[in-house]
1. Scan region 64-75 and report the pairs whose first residue is within 11 Å of CYS99 (Cβ to Cβ) and whose second residue is part of a helix (DSSP H, G or I) and among the aliphatic types (A, V, I, L, M), with Cβ atoms within less than 9 Å and a gap of 6+ or a chain change.
2. Conditions first: (1) within 30 Å of CYS289 (Cα to Cα); (2) charged (D, E, K, R); (3) assigned to a helix (DSSP H, G or I). LYS159 passes all but one, so which condition is the exception?
3. Taking interchain pairs and intrachain pairs at least six residues apart, which have beta carbon atoms under 6 angstrom, with the first residue in region 240-252 and without any contact (Cβ under 8 Å) to a residue 12 or more places away in the chain and of a type outside the set (Lys, Arg) and the second assigned to a helix (DSSP H, G or I) and crowded, with 16+ Cβ neighbours inside 10 Å?
4. Tell me yes or no: at least one residue of region 188-209 is within 19 Å of ASN327 (Cα to Cα) and charged (D, E, K, R).
5. Go through SER273, SER245 for me and flag whichever is of a type outside the set (Lys, Arg) and either crowded, with 23+ Cβ neighbours inside 10 Å or within 30 Å of ALA147 (Cα to Cα) (or both).
6. Of the residues THR335, THR283, THR296, THR263, only one is under 23 Å from ARG222 (Cβ atoms), loosely packed, with under 15 Cβ neighbours inside 10 Å and in contact with a Leu (Cβ under 9 Å, 6 or more places away or on another chain); which?
7. Pick from ILE161, ILE179: which is buried (at least 16 other Cβ atoms within 10 Å of the Cβ) and either in contact with a strand residue (DSSP E or B) (Cβ under 7 Å, 6 or more places away or on another chain) or assigned by TED's automatic domain parsing to the domain that holds TRP17 (or both)?
8. Name, by its number, the condition in (1) β-branched (Val, Ile, Thr); (2) crowded, with 23+ Cβ neighbours inside 10 Å; (3) without any contact (Cβ under 8 Å) to a residue 60 or more places away in the chain that does not hold for VAL345.
Amino acid sequence: MKILFICAFGSIHAQRWVRYFNDAGNEVHVLVIDKAFEIKIEGVKTHYIPVEGIKFPLLDYLTRYKMFLAKLKIFLNELKPDIVHIHQVNYHAFAFSRCNYHPFVLTAWGSDILIRPKKSLRFRYIAKKVIKNADIITCDANHMKKALINLGADSNRIKIIYFGTDLTIFNPENKDINIKRELGFKDNTPLVISLRVLDPIYNVSTFINCIPQVLEKHKEARFIVVGSGSESEMLRKLAEELGVSDYVIFTGRVSDEDLIRYTASADIYVSTSLSDAGLSASTAEAMACKVPVIITDFGDNHHWVKDGERGLLFPMKDNKKLSEKVNYLLDNPKTASKLGKAAYVFIKENNNWHREMEKMSGIYKEIISK
């Protein structure tokens, strides 16, 4: 198949999707939305449509949109992909939907369906138009499916496809005791990790705010914040204000190799997110590494992490409850190990990346044949 992906290629999730279909022997092209994230993958052809605009906001939007649309039509006519797959509802997706090119698949990611249409009538209009024109829509949660239907999607055209976890990469065998030594800790130091982007929607401040309450009971515990984002500086200052700077390490963005090592080597994983589509990738990856997880109780999280069986849940923004959950696992290492093992089995059976991509490949072939 000749597949064209239109996506924010800076996302590791988009890159994994592209890599799979490239490695499977397809001719894969990527229309890059942001030139800064023109990632190079051997065999994958990347494209970028430059558009000149003017600085007055309204005119800038009108001129840039019309120019992009015209150039996009020419690009599609020349490339002639067998199928187009758009990741996320956005202005690029809206422009593509106006080109009347089929077949195309739309994958909703989360806030593009759950949040933005509620905050902006203009974006709600855009989302409805894109959804209406898609041949197939995929999402990774039942509450996402309901949101899509509320925006006008035909339920028969919606498929649940999980982003999945690559168990050949994320697994308990990648646990690395050297992580603790590299950070200057003892081998038996309990590490509590956050792997979410440092933006408001992921509410990492709740993670920082729980630290003093954990240290009251477990002074040996240490905390790692992996990632970057708009709240990076604010979170560092918050740690200073709370007097816990010596107990928490901000790593910033790390390499894929280090991400695997950090995930598998933590003793407890925490996600404080206020919104996700389905199960977040980092949560699933921690579960695949047998790391006990504590995550917010919203959306479909209760389906993946049954409280007390495959991990623990806590109310959003409740740092007191979160600290209680962390202390509970530190007090009960056997229980923590049991939760981690149960989570690993569940992810292996229900969130296998290769199996989900095989389903997606089948969907491509089916709609192309039609």
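1. Cβ pairs passing all conditions: PHE68/ALA95; LEU69/ALA95; LEU72/ALA95.
2. (3)
3. Here the result reads SER245/ALA239, each pair linking region 240-252 to a residue that is assigned to a helix (DSSP H, G or I) and crowded, with 16+ Cβ neighbours inside 10 Å.
4. no
5. SER273
6. Going through THR335, THR283, THR296, THR263 in turn, just one is under 23 Å from ARG222 (Cβ atoms), loosely packed, with under 15 Cβ neighbours inside 10 Å and in contact with a Leu (Cβ under 9 Å, 6 or more places away or on another chain): THR335.
7. Unique residue meeting the criteria: ILE161.
8. Of the numbered conditions (1) β-branched (Val, Ile, Thr); (2) crowded, with 23+ Cβ neighbours inside 10 Å; (3) without any contact (Cβ under 8 Å) to a residue 60 or more places away in the chain, the odd one out for VAL345 is (2).
The values are calculated or read from the model by the stated rules, or taken from the named source; none is laboratory data. Please read these numbers as outputs of a predicted model, since none were measured by experiment. Glycine gets a Cβ as well: all are built from the backbone with ideal geometry, and neighbour counts include every protein chain shown.
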